[in-house]
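What follows is a set of notes on a single structure, which appears directly below.
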Amino acid sequence: MFKGFYNLTSGMLTQQRNLNVVANNLVNVSTAGYKSDRYSSSTFDEVMLVRLGTKNKQDVEEIGGWSYIRASDQMYTIYDQGVPEPTGIALDFCIEGDGFFAVQQEDGQTVYTRSGSFSLDEEGYLCMPGRGRVLDPSGRIIYLGTDKIRGDDRGNIYSDSGLALGAGSNLGSYGLNYLGRVGVYTFEDNAALEHDQRGFFTGGGQATASDDARVHWGYLERANVDVVREMTDMLTSQRALQSCAQVSKMYDDVMSRAANDIGRMG
């Protein structure tokens, strides 16, 4: 009976943590470049249950196996590509394929993000509002001085002279003033990265600037959150949590009767 209490408690903790992950995914459904998380529960190694005699301890009878649920904090991130969405905003950029934008914080630490919703700070540097300044492939901050810019599919940024250019045009051939290039950085293993609730990544070892990354100018990558799946997972976890709580109350009632009623009869 007490083993049942253990499994029910572990089940409630597991479902509650899964609900927290689902809730964070849904909150960030409109966050550009956000990568959804999945919660992974597991069990301890299976143990063998046996029955021993009251006097003869050598007479062992196997009952069967038993697995204990472990309420862990194991999560993994889904790095699938989000849908590029045109915004028409000059300071918006979107990465196609693998890679991250690099942002240098005020404390000097570099964080990485898939969100390309940039702005200009008071000094004219390309920045991520509330986080820091954007870095180029050489690890230097990017000075623009104006938001009247154009970009190409390699992340190069030019001043806008008002020319009407078609898709795929070579901006440099029109004599536009080159301002800088947005850096795209990759890691050997994205699974080693850690991120906060807003989708900023740290860790993962040494980041390498990519030379062949494709960048869409005037686009943002939508979050790769599947709303239908998240809602389904949320309903499933809620019902499982409620079931565990109800059965736990039944266990408590049975134990109370055993301790009070049956004990009184003895």
Check: Accessible area per residue, 1.4 Å probe, Å², for the stretch 85-138: what's the number?
Finding: 43 Å²
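What part of the accessible area of the stretch 201-244, given as a whole %, is carbon or sulfur when the probe is 1.4 angstrom?
50 percent
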Check: With every protein chain present, what accessible area does Ser256 have (1.4 Å probe, heavy atoms only), rounded to the nearest 10 Å²?
Finding: 50 Å²
Checklist line | Gap separating the Cα centres of the stretch 75-124 and the stretch 186-204, nearest whole Å | finding: 13 Å
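The values are calculated or read from the model by the stated rules, or taken from the named source; none is laboratory data. On a predicted model such as this, the values are computed, not experimentally measured, just so you know. Ligands, DNA and RNA are stripped out before the accessible areas are found, and what is left, the full protein with its side chains, is counted by its heavy atoms. Shrake-Rupley method; radii C 1.70, N 1.55, O 1.52, S 1.80 Å.
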